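Comments concern the structure below.
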């Protein structure tokens, strides 16, 4: 059986802080949710460690994951990002971030915030969530949707039940504790 993220992260200099203070904790801010979606997209085919090591560079390259700023990115910005060795230089992933920012702008017009849109979807199975995300965003397959929703508190499973961080996550009342999704 593969080691859980809780086991992998224990005492790890990069995974540890992310696991202990972010993974599974509920997020509500648009920029934080957008960042996590973009990071999950960039992780596709790579290790999470690679993405975490480049996280600060991503934050700078994508202007703090400000949805409106990223939505305005054009071909010059794509060229800039493709030339930035400090991030993952994959044209499809870069274009997905820009397109998803534009789609989030549209969602904000109808739902107010990214979190409000997610909340409006209610309790669903992972398969249903995948369908909703694929209909709404680009470059969102099963693993990306699962990791995004689990990592931001919308689906259970971020931590082993015996992990001390599990209790800390529960104290923050993530949506899955109300929905019993999964």
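Just so it is clear, none of the values below were taken in a lab; they were calculated from the coordinates. Since this is a predicted model, take the numbers as computed values, not measurements. Here the Cβ positions follow ideal geometry from the backbone for every residue, glycine too, while neighbour counts run over all protein chains shown.
Please identify which residues in segment 141-182 have an amide N closer than 13 Å to a label point set 7 Å out from the Cα of residue 92, following the Cα→Cβ vector.
In segment 141-182, the label zone of residue 92 (backbone N under 13 Å from the point 7 Å along Cα→Cβ) covers 141-142.
Relative contact order for segment 5-176 using alpha-carbon pairs under 8 Å, separation at least 6, rounded to a whole percent?
Values: 182 pairs, mean separation 54.5, N = 172.
Reported relative contact order: 32 percent.
Expressed as a whole number of Å, what is the distance separating the alpha-carbon centroids of segment 104-182 and segment 38-65?
Comparing the Cα centres of segment 38-65 and segment 104-182, I get a distance of 19 Å.
Starting from the Cα coordinates of the chain, work out the convex hull volume and express it per residue in Å³. Walk me through the numbers before you get to the answer.
Numbers: hull volume 20.6 nm³, N = 182.
That works out to 113 Å³ per residue.
If R0 is 30 Å, what FRET efficiency do you get for residue 32 and residue 2 from their C-beta distance, rounded to 0.05? Provide the component values of the computation, followed by the final result.
Details: r = 28 Å, r/R0 = 0.93.
That pair, residue 32 with residue 2, gives E of 0.60.
Counting each DSSP H run of 4 or more residues in the chain as -39500 (n - 2.57), what helix-only mean residue ellipticity at 222 nm follows after dividing by all residues, to the nearest 500 deg cm²/dmol? Don't skip to the answer; put the middle values down first.
Details: 13 runs with 115 residues, N = 182.
That calculation yields -17500 deg cm²/dmol at 222 nm.
Beta carbons within 10 angstrom, averaged per residue: use that to sort the peptides 151-159, 22-30, highest first. Could you put the intermediate results ahead of the total?
On the way: 151-159: 22.8, 22-30: 18.4.
The most tightly packed comes first, giving 151-159, 22-30.
Taking 0.36 nm per residue of separation and subtracting the Cα-Cα distance, what length does fully extending residue 84 through residue 50 add? Let's see the in-between values first.
Values: separation 34, 0.36 × 34 = 12.24 nm, distance 1.51 nm.
Stretched out fully, the residue 84 to residue 50 stretch lengthens by 10.7 nm.
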